[in-house]
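Accompanying notes for the structure given below.
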Amino acid sequence: MPAISSAKKQKNRDCAAPGNIAQLAPHFYMSRKTTQKVNNEIQLLQLLKLVLPKATHDPALAGKIYEAVEAELKTKSRTVAFEKFCTQVELPDLEPKTLNDVKLQLASAFGGNSEVSIKPDPKENTLAVEIALPDGTQLQSQIPVRAVAPEGSEEQEIALKFVPCPVALPGDPELVWLLAKRENMTAEEAGIALAKLEDDFWASKTGQKLLRDRVERSFPEFINRAPAGMLTELGLKRHYKTPEAVKVLRPLTPQKRA
């Protein structure tokens, strides 16, 4: 799928896609180190796509190496995010409402296709958490009862806003999907992330089931069916699931006064 391109002046603001590339939360909190790490991983995958075909003439081998690196980066990233969530989430008590709130936060953060299980332990005053990801990865942790999230982290937390990132397919550039990207992502990084997410979606259990049900493997179907959490994980957001036609504004002719 071709990468997203945009005018140089709008490179860091808007991204109109030349290729097949929820309501928005106002901020997405992420540390500077974590933000840089995500960008580095995206650049690494992009570099692998360029280097592997030169390093080996076996396309199958190159594909396996790329997929293995991609899977390892994804697993490590999700594990770090899960551990950080468990150290910062508020758990003032083990009341049913509090437990339900924590479970909803986990489901939202790690995608609708993940299976979230929680088990409170009143004696130890802890909550056992387990997440089964679609790729088979199991994440487990214990969350102690605490009133507020710990403060004084060594990493400086910043609020990253989302900025417009409209995308379109080459066959119909006037039909636009209203997406958004983190303000620190370039148009190219957003395009790479979106292409990666589309591949991941069709390779997931949900995507494979849709293909067996004869759903067309296409960008419109992907962006309409992908879980919001899946997009948020790589710094993308979706305004609406369906595209809108570009409206050309025409200036009104001023009427002459009598």
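The values are calculated or read from the model by the stated rules, or taken from the named source; none is laboratory data. Computed from a prediction, not measured in an experiment: that's the story for all the values here. Using ideal geometry, Cβ is built from the backbone for each residue, glycine included, and neighbour counts are taken over all protein chains shown.
Observations
- Criterion: surrounded by 13 or more Cβ atoms within 10 Å (Cβ to Cβ) and not assigned by TED's automatic domain parsing to the domain that holds ILE192 - qualifying residue of VAL80, VAL116: VAL116
- Whichever residue in region 180-201 is in a helix (DSSP H, G or I) and of a type in the set (D, E, K, R) and, among such residues, is farthest from THR137 (Cα to Cα): GLU188
- Checking each residue in region 177-201 for being surrounded by 18 or more Cβ atoms within 10 Å (Cβ to Cβ) and hydrophobic (A, V, I, L, M, F, W, C) picks out TRP177, LEU179, ALA180, MET185, ALA187, ALA190, ILE192, ALA193, LEU194, ALA195, LEU197, PHE201.
- Any hit, region 199-218, residues being of a type outside the set (Val, Ile, Thr), closer than 30 Å to GLN105 by Cα, in contact with a strand residue (DSSP E or B) (Cβ under 8 Å, 6 or more places away or on another chain) and modelled with pLDDT under 90: no
- Verdict on THR35 being surrounded by 16 or more Cβ atoms within 10 Å (Cβ to Cβ), modelled with pLDDT of 80 or more and not hydrophobic (A, V, I, L, M, F, W, C): no
- Of the residues making up region 91-102, not a single one is out of contact with any Gly (no Cβ under 6 Å at 6 or more places or on another chain), of a type outside the set (A, V, I, L, M), assigned by TED's automatic domain parsing to the domain that holds GLU130 and modelled with pLDDT under 85.
- Within this structure, LEU234 passes the test of being in contact with a helix residue (DSSP H, G or I) (Cβ under 6 Å, 6 or more places away or on another chain) and buried (at least 20 other Cβ atoms within 10 Å of the Cβ).
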